[in-house]
Structure formats: C-alpha cells, structure tokens
Amino acid sequence: MNILVIGASRGLGNTLALLLHQQGHQVWGMGRTSPASPSPFPFHYLQCDITNRAQAYFSFQQLIPMPEVIVYCAGRAFDDITEDAKNQNLLLPQLHKNFELNCFGFLKTIDFFLPLYLKEKRGHFIYISSLSAIRENHRQRIGYSSSKLATNKILENLRMQYFCSNIKFTTVNFGRLHHRKHALIGINYQKASKKIAHIICNYNRSNRCYYLPKLQTLLTYMTKFIPSRLYKKLMSK
Ligand SMILES: NC(=O)c1ccc[n+]([C@@H]2O[C@H](COP(=O)([O-])OP(=O)(O)OC[C@H]3O[C@@H](n4cnc5c(N)ncnc54)[C@H](OP(=O)(O)O)[C@@H]3O)[C@@H](O)[C@H]2O)c1
C-alpha cells in the first residue's frame, strides 16, 4: 500500500514509518525537520511544516502515486497557562499553536485528500489522538487536550457523514507513549506502531475510534468521577 506518515522525523511516526517500510509498504514520511535516525533514511521523506498551508499543499502534490492511507502523527503539547504565558499575554497565541498543529494541520490534510479519495471511492485517514481528550492530565495546558478532543469530534462527524462511502476515518487515542519496553502506564512506540499497522491492514473494520492501552483508558475514565478540587490536588503531586 502507499502510505503517508505525517510527523515521521521522530517518536511514534518515525517508528511506524520504519515498521510499515519493513512490512513492504511504499512509505512517504513528512515532518518539519529531517529525521535524525536511522541514517541513511530508508523511505521517501518530505520536509514541510504542516501548519503552513502553502507548504503542506505543495508537499502533498509531490506524492505520486497518491497515498491510500494517511496517518497523522504530528502533534505537540504547547504549554499555555504557565505563569510566564499569562504575564506576557501568551495564552491565546500558545493555545492557537496547539490547535494549528493538533487540529488544523490534520484538517488541511483532509481538505486536500478528501476530494481525491471521493473520486477514487477509497481512502483512509488515521488520526493519532490522546487519552487526555477524556480527562486532562497535564498541569500547564488547556489547549492540547481540547485540540485533540475537537479533532476527535470532527472525525466522529466525518465517520457519520461518509458512512456509506468507502472512505474511512479512524481515531486512535493513546495513553502515555514512550521508548521503554515495559511500563505500568502507557504503551511503547513499537507496540503502538504494530497496532496502527494492524488497523491499516484491516481496512474494512477500521472506521472507528480506538483507546489504548486498556488499563490506562479505564483509569482515565474513572478520573471523570473525581471532583475537580480533589483531581487538581492529585495532579499537582
Ligand atoms: N508522547 C505521548 O506521551 C503521547 C501520548 C498520547 C498521544 N500522543 C500523540 O501521539 C502523536 C505522536 O507523539 P510522539 O510522542 O511521537 O511526538 P514527538 O516525538 O514529539 O513527534 C512529533 C512529530 O510531529 C512532527 N511535527 C511537529 N510539528 C510539526 C509541524 N509543524 N509540521 C510537521 N511535522 C511536525 C515532529 O517533527 P519535527 O521533529 O520535525 O518537529 C515529529 O516528527 C502526537 O499527536 C501526540 O500528541 C503522544
């Protein structure tokens, strides 16, 4: 399959792109900076800032043949309610940055590829989201989880709108992601990548929202019953 991984310079996107390449897929990677490892880089890579519309659309036009699957791994949590940000009137610009990357970057991707997928009558968008969309677990951020939640909702609506077509919109909400092999909370990049590769191969059953890992998902849902005052105390420990 032809697969585009956005945010492939490091972290999850990098591990995923390498895994898909090893599995024999034709992979395109995209990211703001060039990947540090491995060297030489084994798949096609385009350097592009996805928050810049002109750059993003120009890069998308270079992708021939067109990717049938797009995995949006680009994402970052910008601190927006630190004392510094509040004192310097940075709350809004920082909040905006969260939405530009975590939400509008993906919407640009959909805006460009959806008409092409409608013509082809097939295509798959996969968005990497976060369990913090269920309940925020960062202390100095209000924009990160809200940008993820907004995008999750957009995908839910797109799934409804295009339910009868063969175009899929998949959301994968991950808990803490890390390089370590074993950890009580979260999931490592390798395991998370295998899960995404599995979703890509199961195209016909993929039009849905996933939450991983299960234990952290359960614990995150349970925190919804903790009153805000107590939750804030727990989070500040
Ligand atoms: N890490 C976690 O604990 C965790 C938990 C749940 C969900 N997630 C989500 O999972 C996804 C992957 O996380 P990760 O840990 O792999 O993050 P990461 O290591 O920080 O990697 C983020 C990737 O996004 C790219 N990126 C950032 N800004 C970009 C821009 N403007 N244009 C193009 N590419 C850009 C980065 O490229 P550059 O290096 O070139 O900037 C990098 O390749 C993110 O959406 C994140 O929100 C992460």
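Here are the numbers:
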| quantity | calculated |
| --- | --- |
| Vicinal HN-Hα couplings computed from phi for region 139-144 (Karplus, 6.51 cos²θ - 1.76 cosθ + 1.60; Hz; Gly/Pro x) | 7, 10, 9, 10, x, 5 |
| L91 paired with K181, simple spin-label distance in nm, labels 7 Å along Cα-to-beta-carbon | 4.6 nm |
| Relative contact order for region 114-188, counting Cα pairs under 8 Å that sit 6 or more residues apart, in percent | 38 percent |
| Listed pairs K119/K195; K121/K153; K86/K232; K148/K237; K153/K237 exceeding 21 Å between Cα atoms | K119/K195; K121/K153; K148/K237; K153/K237 |
| Whole-Hz ³J(HN,Hα) from phi, Karplus 6.51 cos²θ - 1.76 cosθ + 1.60, for region 52-69, glycine and proline x | 9, 4, 4, 4, 4, 5, 5, 5, 4, 5, 7, 7, 10, x, 5, x, 8, 10 |
| Fluctuation leader among I50, I154, I128 - the chain, Gaussian network, Cα springs under 10 angstrom | I154 |
| Computed P(r) (all Cα pairs; the chain; 10 Å bins; percent) | 7, 31, 37, 19, 5, 0 |
| Contact order relative to length of the chain, as percent, for alpha carbon pairs under 8 angstrom and 6 or more apart | 18 percent |
| Residue with peak Gaussian network fluctuation, the chain [Cα springs, cutoff 10 Å], from F43, F106, F225 | F225 |
| Of the chymotrypsin sites (Phe, Trp or Tyr not before Pro) in region 127-182, those whose Cβ has at most 10 other Cβ within 10 Å and which sit in DSSP loop | F163 |
| Rough spin-label spacing in nm, given labels placed 7 Å along Cα→Cβ, for M160 and L218 | 3.1 nm |
| Region 34-51 and region 63-115: distance between their alpha carbon centers, rounded to Å | 19 Å |
| Sites R139 and K194, calculated FRET efficiency, Cβ-Cβ separation with R0 30 Å, nearest 0.05 | 0.45 |
| Amide H within-cut-off set for S130, under 5 Å, with H built and near neighbours excluded | F174 |
| Top of G13, G75, G24 by mean-square fluctuation, Gaussian network on the chain, Cα under 10 Å | G24 |
| Candidate lysines for bridging to K233, where Cα separation is under 18 Å - those fewer than 8 sequence places away on the same chain excluded | K224 |
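Values in this text are rule-based calculations from the coordinates and carry no lab data. Only a predicted model underlies this, so the values are computations on that prediction, with no experimental measurement involved. Glycine also receives a Cβ, built like all others from the backbone with ideal geometry; neighbour counts cover every protein chain displayed.
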